[in-house]
Amino acid sequence: MTEKNTTFATRVLHTGNEIDPVTGAAAFPIYQASTFHQEDPWNPPAYEYARSGNPTRNAVEDAVAKLENGTRGFAFGSGMAAITTTLFLFSQGDHIVACDDIYGGTFRALTQLINRFGIETTFVDATNLDEIRAAIRPNTKGLFLETPSNPTMKIIDLAGAAQIAKEHGLLSIIDNTFMTPYLQRPLDLGIDIVVHSATKFLGGHSDVVAGVVVTRDEELGKRLYFLQNACGGVLGPQDCFLLQRGLKTLKVRMDASCAGAEKIAQYLYERGDIEKVYYPGLPTHAGHEIQKAQADGFGAVVSFDLGNEARARKLMERVQLPLVAVSLGAVESILSYPRMMSHNGMPANERLKRGIGDGLLRFSIGLEDPDDLIADLEQALK
Ligand SMILES: *Cc1c(COP(=O)(O)O)cnc(C)c1O
């Protein structure tokens, strides 16, 4: 069997790194070594120093790269390390266009870190491709997108955005954390670079903080490898092992969580006393048709607005099943309050402009029985 004619369910288990080539061990070993003996320094071996390369890391980097239909993968100590390292592709005087409804940490990196190096970012509502076009300047070099966006689940037309990036010679970067390569493969749609917080669905068990970058173009892969080694924010071998282990169940976890999310979004929508329900699987969602066309599912995250802080607080106090916590994409359901968690780093006026009000909650559906989660919401919302 070649890799090409197997489906994702099979490929996620048979990435080529599932067996230790040295011993045949069924789980790829943790090479807990920082340096490697060189028999002949004039003929350096494949591995020299673990910041530059570690077999456990390379195994998981390769696995994610293959699942994204890329050629090179790079694992980092967090999603933010993956994202900031990627942003070092840009130089002083460059300009980036980014979607306005973006992960709070990415917003912070663009507006309080990368800007200090003379790299400016303009935020636009990228669901409207004309807004992307209108923001492009002679010095624009990058397009940074996230779809579905966090936390209000806006959907951006990736093929359309990639086309604009090509026409203007921009590097296009997409944060694929919410979808994972199981549901959405941006490189196939013409995007240049995929970034992930692997802390979320790829790891999947709330036990590892990690990030991944994937590229297809060989030259771009070389530039990212240079940056990974130069910045040095690599993922350690123990965490690489956990990530590899989490990845094996990605498909079945996503199937179950997405089915749960669809059911819960429908329940919240039908209640009639919820101000807004944001889920691209709802036919009333503005991006529903685009999502259907460019992805293989609607994801496991549902956001909803209870209108005010008092009601949101009551719900968080009363729910019994979900973790009330930062993060998402785990086996257990996680209820987050973006205002004080993921988007705490965003100024209030910017936050409110993006629809992240005091009553907004983000619900990442885990693997519990969705009917139990609904019963829990029901008692908490009473
Ligand atoms: C969590 C998250 C990040 C940041 O990743 P860390 O692993 O927490 O550094 C980036 N983008 C999205 C969409 C996220 O959810």
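Here are the numbers for the structure shown:
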item: Residue check, G329 part of a loop (DSSP other than H, G, I, E, B), away from the ligand (no atom under 16 Å from the Cβ) and either over 19 Å from G260 (Cα atoms) or not assigned by TED's automatic domain parsing to the domain that holds T127 (or both); result: no
item: Subset of region 297-327 (residues that are touching a strand residue (DSSP E or B) at 6+ places or on another chain (Cβ under 8 Å) and among the aromatic types (F, W, Y)); result: F304
item: Residue in region 179-197 that is in a helix (DSSP H, G or I) and within 27 Å of E48 (Cα to Cα) present; result: no
item: Subset of region 210-250 [closer than 19 Å to M80 by Cβ, away from the ligand (no atom under 16 Å from the Cβ) and among the polar types (S, T, N, Q)]; result: T215, N229
item: Test for L67: is it under 15 Å from the mean Cα position of the chain (by Cα) and either in the same structural domain as L282 (by TED's automatic domain parsing) or away from the ligand (no atom under 16 Å from the Cβ) (or both); result: yes
item: Every residue from region 19-59 that is free of Cβ contacts under 8 Å to residues at least 24 places away in the same chain and within 15 Å of R245 (Cβ to Cβ); result: I19, D20, A25, A26
item: The one condition in (1) at pLDDT below 95; (2) closer than 25 Å to Q184 by Cβ that P283 fails to fulfil; result: (1)
item: Given (1) part of a loop (DSSP other than H, G, I, E, B); (2) more than 26 Å from L13 (Cβ to Cβ), index of the condition A26 fails; result: (2)
item: Unmet criterion (only one of (1) at pLDDT 95 or above; (2) within 15 Å of the ligand (Cβ to nearest atom); (3) within 23 Å of Q163 (Cα to Cα)) for I102; result: (1)
item: Criterion: touching a Gly at 6+ places or on another chain (Cβ under 7 Å) and in contact (Cβ under 8 Å) with a residue 24 or more places away in the chain - qualifying residue of D358, D305, D273, D296; result: D305
item: Filter result for A161 (among the small types (G, A, S), crowded, with 24+ Cβ neighbours inside 10 Å and within 10 Å of the ligand (Cβ to nearest atom)); result: no
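Residue-by-condition table, conditions (1) closer than 27 Å to D296 by Cα; (2) in contact (Cβ under 8 Å) with a residue 60 or more places away in the chain; (3) more than 12 Å from the ligand (Cβ to nearest atom):
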position	(1), (2), (3)
V97	yes, yes, yes
R116	no, no, yes
D175	yes, yes, no
P181	yes, yes, yes
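The values are calculated or read from the model by the stated rules, or taken from the named source; none is laboratory data. None of these values were measured; they are calculated from a predicted model. Backbone-built Cβ (ideal geometry, glycine too); neighbour counts: all protein chains shown.
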